[in-house]
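Undergrad: Just dropping this structure here.
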Amino acid sequence: MASRLMWASRAASKLRISVFNRGFATVLKDLKYADSHEWVKVEGHSATVGITDHAQDHLGDVVYVELPEEGSTVTQGNGFGAVESVKATSDIISPVSGKVVKVNQELSDSPGLVNLSPYEKGWIIKVELSNSSEVEQLMDSDKYSKFCEEEDAAH
C-alpha cells in the first residue's frame, strides 16, 4: 500500500498535480450538517443519517462500519456506531434523536460505499425523529462548507 502511495505521489509531483488535496468536498444543499461531520436528510418525521464527503475524505478508505441495532434509540450529540478506515477509527455521532427504523445492512459487506457514495448509497441509518426541532440546531450547507474550510485551515 505504502509503495503504491509513494509511486502515486512521485508521479503526481512530476506531473505537478496534487494527489492528496482534492479541493473542497461535496456539500449538498438540501441536507443539514453537524460539526462532527454527519449529515441529515429530513423527510417528514423521518431522517436519514450518514457521514459527510469531507469526513470520508479525511478518514481514507473505509474498511468497516459498526452499525446500531434497528429499534435502538439514538440521542443528538451521542455516538451510535463507528467507521473504521485504514487510517483511524472514528465514532459516528447522531445529529438527531429518535428511534433507528432502518440500518444500511449493505455497509456490512461493502463499507467502501461510505467513500464512493457518502450521500446516496453510503447512508448509515434512518431514524424516526423524536424531536424535529433539533434539526434547527444543525448547520445548513453554506455554514458547513465554511466550517470545513476553517477546520482544514487550522490543521
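Values in this text are rule-based calculations from the coordinates and carry no lab data. Nothing here was measured: the structure is a model prediction, and the numbers come from that model. Here Cβ is always computed from backbone atoms with ideal geometry, including for glycine, and neighbour counts include all displayed protein chains.
Undergrad: Starting from the Cα of Lys126, draw a straight line to each of the lysines and keep only those under 17 Å, dropping any in the same chain fewer than 8 residues away.
TA: Lys32, Lys41, Lys99, Lys102
Undergrad: While we're here: Can you tell me the FRET efficiency between Ser133 and Val86 if r is taken as the Cβ-Cβ distance and R0 is 30 Å, rounded to the nearest 0.05?
TA: 0.20
Undergrad: Among Lys121/Lys146; Lys29/Lys121; Lys29/Lys146, which pairs are too far apart, with a Cα-Cα distance over 22 Å?
TA: Checking Cα-Cα distances, Lys121/Lys146 exceed 22 Å.
Undergrad: What's the exposure ranking of Asp109, Asp91, Asp57, going from fewest to most Cβ atoms within 10 Å?
TA: Asp109, Asp91, Asp57
Undergrad: Tell me, what is the FRET efficiency for Gln105 and Ser72 to the nearest 0.05, using R0 = 25 angstrom and their Cβ-Cβ distance as r?
TA: 0.95
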